[in-house]
Amino acid sequence: MTKQRIFLKHGLFFLLLTLMLSLTVAFGFAANEKAVGAVSPTVAERNPDNIVLNWTKNDSITGVVLSRYDSAKKTFVEITKTTRSKYRITGLQPGEYYVFGVTPYLTKNGKTTMGNREKVRTYTTLAAVEGIKQSKTTLTSHRLSWKAVAGAEQYEIYYYKDSTKKFAKLGTTSKTDCNVSNLKPTTTYRYKICAIRTASNGKTVHGTVAGVFLAYTMPDTVKAVTAQDVTSNGCLLEWTPVERASAYRIFCIDAATGASLDVVTVRSASCILRNLPAGKKISCKVQACAKLAGALRYGEQSAAVTLVTKPAGTTITSAVRQNKNKIKLTWAPQDSCDGYMIYVSDAADGVFSLAAEVPVTAACEAVVAAPGKGDTFVIIRTYAVIDGVRMFSPVSDITTVRAAA
């Protein structure tokens, strides 16, 4: 009986001792865990392939353990352990969703106590679209192309809408180019292009936009060009104005030789050409131009309009009566013609008759018959043969040869 009481007494003692030790350890752990403070992590920087996290560091922690949630393993995988208050996590996929864990810990008296894991949910970014170019430009369309962005699955194209003064979505493509059509001629267009990707959590990630790209359509082709009031060295050209054109260039060539003549630039839809070669067949084209997308752009040249300048005229340098019936004439040479035609009359306001035709290869002189015994009136003009047709210069001033004494 005594032995049973002693055993029971000792058993109760050991039971109470074990219970007290358990409570002491439990309260000690609770006190240690409570001593590891929260760090409140935040995202300091987001980039296509890295994320920068920072957190509050105080005396209640020694450092943190950084981890990343692995959806395949369904657990957090440690990245690193650090005593700093900021860390750049690299080697990430652009445009992806990530969950990071930041677990503070306290090392004291050789013992490390872990705090609660604090989660940060964030996305990596996509780089801005670069290298945008314009090509295959027409009156009503152009092609845009750009460099591929790492991680991008598609690209969204936006254009500036004048009616709303805002950018509107034009479309989405998985390629690195797109054709834009049904545009207005002679117009500047503004575009923004953004890379996009669907992250693993189903959310669409949009890349940054570097800036606005300016593109343009060609100025319209000039139409209905006409040549009027053709002289020996010029003419009047007119055409239908091109909407939004700021200037026009006129190109002229010698139709026979193909030699280019001076290029003239004007601001209105008409031009008086001067200094053209006399007695020539000339082809003229007109081209509209306008300042578009920051530079001067040129449309296609118009259909050619052909004109024939008149030969340059000449003047009589001397007229001497040799006798009652004959008059000797000399005149200034003219290289732009094929010959000269001399006319005489017995009255200044009378009918002039052809007295002589002299080819340009001969000397610039001729003896012609006087039409009567009184004063003789003489005029001269040149001619040029173009495409088998004779073109005549204006007649010279009248030269009077007095009657023989």
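What follows is calculated from the coordinates using simple rules that are stated; it is not laboratory data. A quick note: this is a predicted structure, and the numbers were derived from the prediction, not measured. No Cβ is skipped: glycine too gets one built from the backbone with ideal geometry, and neighbour counts run over all protein chains shown.
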Any idea what the dipole of the chain comes to, in debye rounded to 20, about its Cα centre with Lys/Arg Cβ at +1 and Asp/Glu Cβ at -1?
3080 debye
Estimated 222 nm signal from helices in the chain, with DSSP H stretches of n ≥ 4 weighted -39500 (n - 2.57), rounded to 500
-3000 deg cm²/dmol
Using DSSP to call loops (not H, G, I, E or B), can you name the trypsin sites (Lys or Arg not before Pro) in region 44-110 whose Cβ has at most 16 other Cβ atoms within 10 angstrom?
LYS73, LYS74, ARG84
So what's the angle, to the nearest 10 degrees on a 0 to 90 scale, between helix 2-35 and the longest Cα principal axis of the chain?
20 degrees
If I model region 50-141 as equal point scatterers sitting on the Cα atoms and use the Debye formula, what is log10 I(q)/I(0) at q = 0.15, 0.23 Å⁻¹?
-0.66, -1.18
Determine the distance separating the Cα centre of region 206-230 from the Cα centre of region 134-175; give it in Å without decimals.
18 Å
Which whole-angstrom value gives the distance between the alpha carbon centres of region 53-102 and region 338-405?
106 Å
Just subtract the alpha-carbon distance of ASN179 and ALA295 from 0.36 nm times their residue separation and send over the number in nm, one decimal.
39.6 nm
If one computes P(r) from the Cα atoms of region 316-401, what percent of pairs lie at distances over 18 Å?
39 percent
Qualifying GluC sites (Glu not before Pro) in region 102-165, DSSP loop, other Cβ atoms within 10 Å at most 13
GLU130
If I model a spin label as a point 7 Å beyond the Cα along the Cα-Cβ vector, how far apart are those points for ARG46 and THR221 in nm?
5.1 nm
Quick note on LYS285, LYS166, ordering by fewest other C-beta atoms within 10 Å, gives LYS166, LYS285
Over the Cα atoms of the chain, what Rg and Dmax result, in angstrom?
48.6, 191
Links that overshoot a 31 Å alpha carbon limit, given the list LYS74/LYS111; LYS74/LYS175; LYS175/LYS203; LYS119/LYS147:
LYS74/LYS175; LYS119/LYS147
Convert 20 °C to kelvin, take the viscosity as 1.002 mPa s, use the Kirkwood radius over C-alpha pairs of region 43-86 as Rh, and evaluate the Stokes-Einstein diffusion coefficient in µm²/s, rounded to a whole number.
179 µm²/s
So which lysines pass the test for LYS166, namely a Cα distance under 23 Å, with those fewer than 8 places away in the same chain ruled out?
LYS133, LYS184, LYS192, LYS291
Ranking LEU92, LEU106, THR122 by how far each Cα lies towards the positive end of the charge dipole of region 42-123 (+1 on Lys and Arg Cβ, -1 on Asp and Glu Cβ), the top one is LEU106
Listed by chain and number, the lysines with an alpha carbon less than 29 angstrom from that of LYS280, same-chain partners under 8 positions apart left out, are LYS223, LYS310
Would you list which aspartates and glutamates come within 15 Å of LYS136, measuring only between C-alpha atoms, while excluding same-chain residues fewer than 8 positions from it?
ASP177, GLU300
